[in-house]
Each structure stands twice: as structure tokens, then as C-alpha cells.
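The values are calculated or read from the model by the stated rules, or taken from the named source; none is laboratory data. Since we're looking at a predicted model, the values are computed, not measured. Quick reminder, even Gly has a Cβ in these numbers, built from the backbone with ideal geometry, and neighbours come from all protein chains shown.
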Amino acid sequence: MNWLRHVRSQVWFCVAAGAVLTSAAFSVFGVWYRHWLPWLLAAAGAAACIRYTAGYGDRRTLFCSGAFSAAISAMFLVGSRIMVQPPAFAGIGKNDVFPFAGLCLLVWAAVLSLFRFLALHPFPVAKHPAPADFRSRLASWALWSALLAAAWLPYFLTYYPGLMTGDSFACLVRAAGWAPVNNQQPVLYQLFLRIFYWAGGLLGSINRGVALYSLTQMLLMASVLGYALYWCRRRGCPMPYLWVTALFFGLNPIYGKYAVTMWKDVLFGGAMLLLTLFFADTAEKRGKNLLTRGGMIHFALISFAVAFLRNNGVYVLLFSFVMLAVFCRVRIKRIGPALLAVLAAILVIQGPVYRAAGIPQNRFDESVGVPLQQMARVAAKDGRMSERERTFLNRMMPIEAIKASYNPFTVDPVKFSHKFDYTYLARNKREFFQDWAGMLVKNGKEYAVAHLMLTLGYWHIGTGNWVVAPGITPWGDETYGIVPYNLFGTLTGVSLKPYIENWNDDLEHFAPTGMSNNIGVAVWLTAFLAVYALARRRYGKLAAVAPLAGLWLSTMAAAPTYCEFRYVFSIFLCAPFLLFFILGRSGPGESDS
């Protein structure tokens, strides 16, 4: 193979290969003939990557980088064939084989170059270690937390008493007792909100209760992120990286607004960040932290927060616990019973205890959004189905009504149609899955297209949707007496709201910063870190990815709409810390060669 390495190292070969691969890759998007400057820059970059990686990589590195490159290339190819407006899927044919191959090889060269660069330039370690005494550690945590809280305080004062949408009121009306508590929205979150509703009564205004909630949530999220920054500092993270991370969270209006938005997803994101950091600690210590009483209590509390702040939290934990058992299999006899005990306690509370308390379970159709959408697409496209399957669909919702309601990018028009009989579906779960499987055999392509379109934003780089709430939903004032008030403007005489909104829009429309809020970018960055850890034999570090992988998989299985930032908000919170953990120094028993 020496001759191949010799050829790949020649400038003429690299330039020619870069030009060919770039042309093929650009034809995937149909833009190479209109944008010559990006083509020229991409071709030059491809040539440089091919030359830089000549002869680099063992079989493991080549396989991991190649598999990742093929996956991300498939994402670009399939995603480019889906249109949101008007909704359409253009399909993939034989003519796409050569462009796809070119894109794969181009991305492979880039990924392999990045692998080599990261191997030669590992994440720097701070020159001065963090003080180890308790007072200094507490001061570090408090300082980072106070910095973030101060950065977010103008958002609280500007959007007083907080930001609220329909989902916010769906929780608040149950917390206030205006509607019965049920598990469609997490019960723990409703009970948590009830504290602030009562506080509002004592303070003389529901507005003040909502404001107290917003302030409390803001301080909790600042404390969680402050702890994460302190956690990185203790592990030798250089201060410039910590400051950049702190400024990113502090100055980005998305995180300032989320800090004062009444959504369960915000606190769930904080719990997921704590779980990710705990899994990172567990990976470093090979499970020893789970053998202590304090460590087990810490783990149980975080797990309960994840499970009870979002209804898919239990599935996240189930996946994470399995992965944790694999990574800590040496101590599985001691750790296994503890994991099972935590999981069993969660399932008992959410099952028998809720039933005994008269708390209705979450509607069944809420957890089968993807299968329901696949069946709806088959009905809307006049796909093949047996008489039994047709009868079941007509009982659940008349097929003509399905055709009128079907939207490729959200299942909500079907689920919330007045013609949709969700009680019939809930009583016939077994028949639902049988008919779903039967229709899958006959309509595999339509099922695949339905899933790809319904989950587009969770895997495709570039697809976006609304991210933040603009204020309090209009009927909040009329129905519940919750009135927005620009307290910052009253106190200072300066209204920050237009500046915040313009700043938010500018960040969204400027590609480099807009991409930092794109779900596809965050998902593929996390996947890259996992693949890099696998290629470098840093197996233990993969444990920290498990909670986010579980969240993404559960979202892909039950997402009701194609792109919802708040559903995967946790990934954005965890990404900077995961980046440091995986690219940082190796732990015991891990390879860095």
C-alpha cells in the first residue's frame, strides 16, 4: 500500500481528487454551477485534507471515521430531498449514487483530518490547578452561578413575570386546581408550580407567583450551569474555554429567555446536564462513586428529577442505565441492584401510586406519535391495507378525515381532531400495534418517508423552527389575569425588549451563530464526539453520551412535530461540557494513541 500513500501525498493528485469530489458533493445540493467561489474554497480544502491524511489512521480510525462520514452524507442527501414548504419528498434514485459517493469521500477526508488534528493537538490543560479546599470550590461554583444569574436578570425584568405559552398554561391550570392533575404534563412539575401559585395567593397576585417561579427557575438554571463550569475547572479545563462557555450561555438571548420561560423542558434540561456530569464522573471512577451512600443518593435524586420532569424521562433513564451497566460491568453485582431499585421505585410511583391517587395516565396517543403518523400517511396516500386494518383506522378516525388532516411534519392535526377517537385507540393497543406492523410490511417506503419527514429537524443540519416564546400568550391576560410588565423599562427608563429581539434575530440569521442553535448541528456534534471516543478507544467516556443518546432516540420514536428546539434543549446545555470531557485527557485504562 506504500504506492497508494505515495500517490495520495502528491499535490497534483490531491488537487484533482479534491476537484472531482467537490463537484460530485456539490451536485447533491445542485449548486456547484451557481456558486463557483464556495466550490473553489471547498475543493482547496478537500485537497488539503487528502494530503494531510495521506497514510494516516489504523483500521479502527478509518472504519469509525468512514462510517460517520457515510451517515452524515446520507443525512445531507436525504435532507436535501425534503421540502417543508410546500411539503414534499423528492425521492432518491440511481442518479444520486455518484454524488453520494463523492460526498462520502469528501466528508471522510475532512473527518479524518479532524481526527488527526485532535490527536496531535489535545485539549489543553490549565496551567494552574483549581484550589482543592472546600471554601474555594464553593466560591468558584457561586461565582460562575452569580455571573450567569446577573446576565439573565435583565430578561426577567424585561419579560416580567415570565414567558408563557399554551403548554405553560396547561401546567398552570392544573397546578392551580382549575383542572384536575393528570400525567399528560409531568405531575411533579405541576406540584412544583402549585407552590408558586400558593405563594402568589399570599403575595396578593398570581402575577407575583409566576414572577417568583421565573426567578426561582432562573437561579436554579444559573446554579446548575455554574456547577458545570466549576466541574470542568476542577478537571483542569483552561479558563479561556470556561469564559467563552459562560459568555455563550450568558449573552445568547435564547438561554436568557429560556431561564424565565415556564416550561418543564428547562428544568428537565438542568437535570439532564447533572445526569450527564454524573455519568462522566462514574466513567472516570469506574463506578466507585456508586458504591458510596452519598454517591447513590446523588444518583437517585438526579434520576428522579429526570424521570419526573418529562414523560419520556423514564425511557432516557432505561437506556442510560443499560449503558451504565455495560461500562461498569466489573462492579455490576454491586451496582446492578441499585440501578434496578431506582428504576423500580420510579415505575411504582408512576404506575400503582398514581392510580391509587386517582391521577390519570398520559394519553396513549401521546407516546405513539410516529407510528400514528406512519399509518396516517398510508391512509392519506391510499396505501395498501387489509379490510381489518381499514376498519380499525375508520373506527379510530374516518380515513377521509385523516386525508383532510394529515400534515407530513406534525401528527397534531390528527391527534387533536374532533373526529379522532383516542379512547378507542387506548382500549385497543394490541390491535393498533398488530395493524401497524401489518401495514409496515405492505407500505415500508411510506413508513420510512413518514418517519423522515416527521423527525426532519432532529437529524437534518439546516432545518429550523421557532425556538423561543415571544411573550405571554395573548389569552393569558384575559383568562387568567397574568399581565406582562416591562419592569426593566420602568426602573431604568430604557426598554431592552426591542434590542433583545433584534439581537435574537441577528444571531438566528447570521449563519455561524444561527447554526449554534440548530438541532441537527448539536446532534451530529454529539455523534462526532461519541465516534471519536470510540476510535480513540476512550470507551469509558461514551458513558457520558448515554443520557443524550437516550433523549434523542426517545424523541425520534415519539416526536409529535418535526422540529422543536425545547424537546432537545438538554443537548445544547450539555454540548460544551461534553466537548471538554471527551476531548480532554484520557482516564485510567483509556487509550490516547
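Within region 536-551, does at least one residue satisfy the condition of being in contact (Cβ under 8 Å) with a residue 40 or more places away in the chain, surrounded by fewer than 19 Cβ atoms within 10 Å (Cβ to Cβ) and outside any helix (DSSP H, G or I)? Within region 536-551, one or more residues are in contact (Cβ under 8 Å) with a residue 40 or more places away in the chain, surrounded by fewer than 19 Cβ atoms within 10 Å (Cβ to Cβ) and outside any helix (DSSP H, G or I).
Scanning region 334-361 for residues that are charged (D, E, K, R) and more than 20 Å from Ala426 (Cα to Cα) turns up just one, Arg334.
The single condition among (1) in contact with a Phe, Trp or Tyr (Cβ under 8 Å, 6 or more places away or on another chain); (2) surrounded by fewer than 18 Cβ atoms within 10 Å (Cβ to Cβ); (3) modelled with pLDDT of 85 or more that Trp466 does not meet is (3).
Where in region 420-506 are the helices (runs of 4 or more DSSP H), entirely inside, with at least 1 residues that are farther than 30 Å from Ala379 by Cα?
Because the criterion is at least 1 residues that are farther than 30 Å from Ala379 by Cα, the helices (runs of 4 or more DSSP H) in region 420-506 that meet it are 475-480, 487-492.
Note on region 448-463: residues that are of a type in the set (Ser, Thr, Tyr) and either modelled with pLDDT under 95 or in contact with a Pro (Cβ under 9 Å, 6 or more places away or on another chain) (or both) total 1. Considering region 146-201, and only residues there that are hydroxyl-bearing (Ser, Thr, Tyr), within 23 Å of the chain's Cα centre (by Cα) and assigned to a helix (DSSP H, G or I), the residue that is farthest from Ala469 (Cα to Cα) turns out to be Tyr189. Counting only helices (runs of 4 or more DSSP H) wholly contained in region 236-352, the ones carrying 2 or more residues that are among the polar types (S, T, N, Q) occupy 264-284.
Every residue, every condition in (1) buried (at least 20 other Cβ atoms within 10 Å of the Cβ); (2) among the basic types (Lys, Arg), yes or no:
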{"position": "Val306", "(1), (2)": "yes, no"}
{"position": "Phe319", "(1), (2)": "no, no"}
{"position": "Val330", "(1), (2)": "no, no"}
{"position": "Lys333", "(1), (2)": "no, yes"}
{"position": "Gly336", "(1), (2)": "no, no"}
{"position": "Ala345", "(1), (2)": "no, no"}
{"position": "Pro352", "(1), (2)": "no, no"}
{"position": "Ala357", "(1), (2)": "no, no"}
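All conditions in (1) out of contact with any Ser or Thr (no Cβ under 8 Å at 6 or more places or on another chain); (2) modelled with pLDDT of 95 or more hold for Phe565, with the sole exception of (2). Identify, from the list Gly270, Gly295, Gly351, Gly287, the residue that is within 29 Å of Pro470 (Cβ to Cβ) and either out of contact with any Gly (no Cβ under 7 Å at 6 or more places or on another chain) or at pLDDT 95 or above (or both). Sole residue among the options that is within 29 Å of Pro470 (Cβ to Cβ) and either out of contact with any Gly (no Cβ under 7 Å at 6 or more places or on another chain) or at pLDDT 95 or above (or both): Gly270.
How about region 236-248: which of its residues are surrounded by 18 or more Cβ atoms within 10 Å (Cβ to Cβ) and either β-branched (Val, Ile, Thr) or in contact with a Gly (Cβ under 8 Å, 6 or more places away or on another chain) (or both)? Within region 236-248, Cys237, Thr245 qualify.
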